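Please treat every number below as a calculation from the coordinates, not as lab data. Because the structure is a prediction, the values reported are computed rather than measured. Note that we place each Cβ from the backbone using ideal geometry, even for glycine, and neighbour counts take in every protein chain shown.
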Amino acid sequence: MFEEKQHLAIPGPTPVPPGVLRATGRPMISHRGEAFHNLLTRVTEGAKQVFQTSNDVLLLTASGTGGLEAAVTNVVSPGDKVIVATIGYFGDRVRDICERWGLNVVRVDSEWGKPTDPEALGAALRQHPDARAVFITHNETSTGVENDLKAIAEVVKGHEALLVVDAISSLGAVNIETDNWGIDMVVTASQKALMAPPGLSLISVSGRAWHIMDGAKSPRFYFDLKKARSSAEKSETPYTPAVSFLYSLEESLGMILKEGLQPIFDRHTLMARMVRTGVKALGLGLLVEDEYGSRTVTAVKVPEGIDGGKLRSILRGYGVVASDGQGQLKGKIFRLAHMGYTTVLDILGMVSALEVALTRMGYPTELGAGIKAIEQVMLG
Ligand SMILES: *Cc1c(COP(=O)(O)O)cnc(C)c1O
């Protein structure tokens with residue numbers, strides 16, 4: 001099998017378009033020179049359009065978790081109260097970061113596979129008016145649940161708490177109106193819907209969040225956002241950035257803006273519907289109800305009597321790289337991502353490979369049933 005022809009259906013890193021990969025190979029430049037100033041300016045301007053914001057957008061050389069840690073450490077002081085709404089593995093990670101920094105964490109948990117209930121969040125906010133910030137995952141990659149971010153932002157509005165969103169597996173695939181919805185901080189990373197290699201985290205910061213940072217005393221050094229902002233004013237970063245990945249991000253943001261945000265959102269909605277419809281037609285169960293199913297990743301229950309690892313290994317033989325579940329869902333589900341540089345053709349291939357793999361494993365399913373159902377979706 002050609003390594004290069006495999007379809008990476010894991011929820012990050014996602015497939016990288018050839019032009020974006022080529023961009024990483026450009027000659028190195030001084031990160032204190034004019035060419036870099038222009039590069040960072042172009043990337044930042046492009047990113048702001050995808051974030052749908054006129055807030056500052058900063059670039060950090062880190063994976064997404066670095067961006068999340070920056071979001072936490074810059075807006076709090078030790079002992080501060082924060083609300084963390086978690087619906088899965090990545091929400092739990094943000095809670096862990098908050099606890100490690102000595103914060104007083106109020107938990108608003110939902111069962112894995114379910115979204116955050118905006119009502120429950122509203123109740124927590126009323127009960128804890130001294131909460132400094134609300135941390136929430138927009139799209140929980142571990143379960144394939146998409147939170148209703150607009151409704152959540154509506155609930156947080158009018159409270160003192162900042163709204164900080166992990167949009168690592170949604171920004172650039174699903175509509176997020178940072179400014180219209182009043183989101184103070186949005187964190188994403190280069191290797192998911194933004195179609196670039198892993199290595200950069202992007203974070204938007206509202207005026208209100210900058211204001212809060214003035215009084216926030218938690219220690220930070222590498223991820224000091226105010227320092228990042230003063231460098232950004234000179235079109236620089238405080239420390240040596242991942243220049244090659246900035247080239248790739250410039251390229252991928254260009255592709256995104258050329259396709260247009262709405263067509264991209266529509267493509268992701270269609271691909272998610274195709275996957276869900278196809279999987280159901282094969283008789284498999286989905287972890288999450290259609291109503292809040294993620295537009296970028298779908299969690300499929302491993303059927304009784306089938307070894308999920310074996311199933312994924314057969315899929316790999318056909319060139320489809322799927323993911324296991326994480327945490328409590330390990331071995332119980334497998335996940336198919338449909339994010340970024342992924343098209344209708346990839347979905348057809350994935351579901352076809354799944355039909356054959358299941359049949360080979362003795363699972364009773366009708367060959368072609370998934371594809372047939374998907375083609376009906378494509379006909380509209
Ligand atoms: C991938 C992901 C992360 C972690 O990002 P890393 O780049 O692996 O650090 C965090 N949150 C969500 C929702 C993710 O999908």
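Observations
- Span from the the range 129-155 Cα centroid across to the the range 217-242 one, whole angstrom: 26 Å
- Beta bridges per DSSP with both ends in the chain, % antiparallel, nearest 5: 50 percent
- Across all directions, the average projected area of the convex hull around the alpha carbons of the range 135-175 is 2.9 nm².
- Comparing SER54, SER30, SER77 in a Gaussian network model of the chain where C-alpha atoms under 10 Å apart are linked, the largest mean-square fluctuation is found at SER30.
- Fewest-first sequence of ASP266, ASP148 by Cβ atoms within 10 Å of each Cβ: ASP266, ASP148
- Helices in the chain, meaning DSSP H runs of at least 4 residues, each add -39500 (n - 2.57). Divided by all residues, the mean residue ellipticity at 222 nm is -13000 deg cm²/dmol.
- Taking Lys and Arg as +1 and Asp and Glu as -1, the other residues whose beta-carbon sits under 15 Å from that of LYS81 total +1.
- Among GLN6, ALA71, THR44 - extreme Cα towards positive end, dipole of the chain, charges at beta-carbon: GLN6
- Between the C-alpha center of the range 312-358 and that of the range 40-118 there is a gap of 28 Å.
- Across the chain, Cα pairs under 8 Å and at least six residues apart give a relative contact order of 23 percent.
- Figure legend: label point modelled 7 angstrom from the Cα of TYR239 along Cα→Cβ; residues of the range 173-205 with amide N under 16 Å from it are 199-202.
- Overall shape of the chain was characterised from the C-alpha gyration tensor. The equivalent ellipsoid obtained from it has semi-axes of 35, 26, 17 Å, in decreasing order.
- Fraction of alpha-carbon pairs over 21 Å apart in the range 261-330 - percent: 30 percent
- By average C-beta atoms within 10 angstrom, highest first, the peptides 297-307, 229-239, 163-173, 86-96: 163-173, 86-96, 297-307, 229-239
- For the range 3-123, the orientation-averaged shadow of the C-alpha convex hull comes to 11.4 nm² (one quarter of the hull surface).
- Among the DSSP helices (H) of the chain, those spanning at least 15 angstrom by Cα along their long axis with an average Kyte-Doolittle hydropathy of -1.0 or more are 34-51, 64-75, 89-100, 243-259, 261-281, 344-360, 369-379; this is a geometric and hydropathy rule only.
- Summing Cβ point charges (Lys, Arg +1; Asp, Glu -1) relative to the Cα centre of the chain gives a dipole of roughly 640 debye.
- The range 222-380 pair-distance distribution - Cα-Cα, 5 Å bins, rounded %: 2, 8, 15, 18, 15, 11, 9, 8, 6, 5, 3, 1, 0
- Shape category assigned to the range 73-129 from the gyration tensor of Cα positions, a/c cut at 1.5: oblate
- Dividing the alpha-carbon radius of gyration of the range 147-253 by the rule-of-thumb value 2.2 N^0.38 Å gives 1.15.
- Extents of the range 170-315, largest first, come to 56, 32, 32 Å (Cα atoms, principal axes, whole angstrom).
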